[in-house]
Amino acid sequence: EAAIKIEKLLIDDLQSLGIKYAKVLFKFNSLEKNNYYGTDSVDFLFSANKGISLQPVKKIASGGELSRLMLIIKKHLFISNNLSTIIFDEIDSGVSGEIAEKVGLMIKEISKKQQVITITHLPQVASMSNFHYKVSKDENNNSSITKLYNLNKSDRILEIARLLSGKNISKE
């Protein structure tokens, strides 16, 4: 019963993230012999495209689809466990454009309930944040030093422009 409810939540979220024909299924398999984990195993099956049969995620999902699956799974685990902070490290990998904006909006929605820290290279996602930090690494001789900068409004605009344009930032 719980699997059916979770499948519906995941499908709804996947559709909101641009996977119009998303299907997910938890397939329960009875084991011939009990093991340490119990009497059955579970396969997580997925399909993102119309007319494509459900298959194991590892065999069918693209990088962008995997990112979106991980985002929504983490979202629901986070909410159900009532955690105070969640960290997304490049959870937007493999997406761009309109889908990146949808990912950013979903992360923003999650942040209304608890603290979210997101590491991203996408301007669509970075622009949704309440606070913006830039991480840089300085390398010298045999070491690397990581620095964290809290960006003010004008620095933030420049950083989002850099994410959009690269190092040659125009007035536009």
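The values are calculated or read from the model by the stated rules, or taken from the named source; none is laboratory data. The shown structure was predicted, so the numbers you read here are calculated from the model rather than taken from an experiment. Reconstructed Cβ throughout: ideal geometry from the backbone, glycine too, with neighbour counts over all protein chains shown. Only protein heavy atoms, including side chains, enter the accessible area calculation; ligands, DNA and RNA are left aside. Shrake-Rupley method; radii C 1.70, N 1.55, O 1.52, S 1.80 Å.
Observations, loosely collected:
- Positions within region 50-89 being open to solvent by 80 Å² or more (accessible area, probe 1.4 Å) and within 14 Å of Thr120 (Cα to Cα), in sequence order: Ile87, Asp89
- Among the residues making up region 140-164, those that are in contact with a helix residue (DSSP H, G or I) (Cβ under 9 Å, 6 or more places away or on another chain) and either of a type in the set (Asp, Glu) or open to solvent by less than 80 Å² (accessible area, probe 1.4 Å) (or both) are Leu151, Arg156, Glu159, Ile160, Ala161, Leu163.
- Out of Glu32, Glu7, one residue alone is open to solvent by 50 Å² or more (accessible area, probe 1.4 Å), of a type in the set (Asp, Glu) and free of Cβ contacts under 8 Å to residues at least 60 places away in the same chain. It is Glu32.
- Considering (1) in contact with a strand residue (DSSP E or B) (Cβ under 7 Å, 6 or more places away or on another chain); (2) over 16 Å from Ser93 (Cβ atoms), the lone condition that Lys74 does not fulfil carries the number (2).
- Selection of region 109-126 for residues being without any contact (Cβ under 8 Å) to a residue 40 or more places away in the chain, open to solvent by less than 100 Å² (accessible area, probe 1.4 Å) and either over 21 Å from Lys74 (Cα atoms) or not polar (S, T, N, Q) (or both) yields Glu109, Ile110, Val116, Ile117, Ile119, Val125, Ala126.
- Only helices (runs of 4 or more DSSP H) whose full extent lies in region 62-136 are considered here, and the ones with at least 3 residues that are within 22 Å of Asn150 (Cα to Cα) are 97-110, 123-126.
- Within region 58-82, residues that are within 15 Å of Ile107 (Cβ to Cβ) sit with their Cβ atoms under 7 Å from residues that are of a type in the set (Ser, Thr, Tyr) and open to solvent by 50 Å² or more (accessible area, probe 1.4 Å), at 6+ positions apart or across chains, in these pairs: Ser67/Ser93.
- Arg156 farther than 27 Å from Tyr21 by Cα and part of a helix (DSSP H, G or I): yes
- Cβ pairs under 8 Å, 6+ apart, first in region 39-55 and at pLDDT 95 or above, second open to solvent by less than 50 Å² (accessible area, probe 1.4 Å) and aromatic (Phe, Trp, Tyr): Leu54/Phe46; Gln55/Phe46
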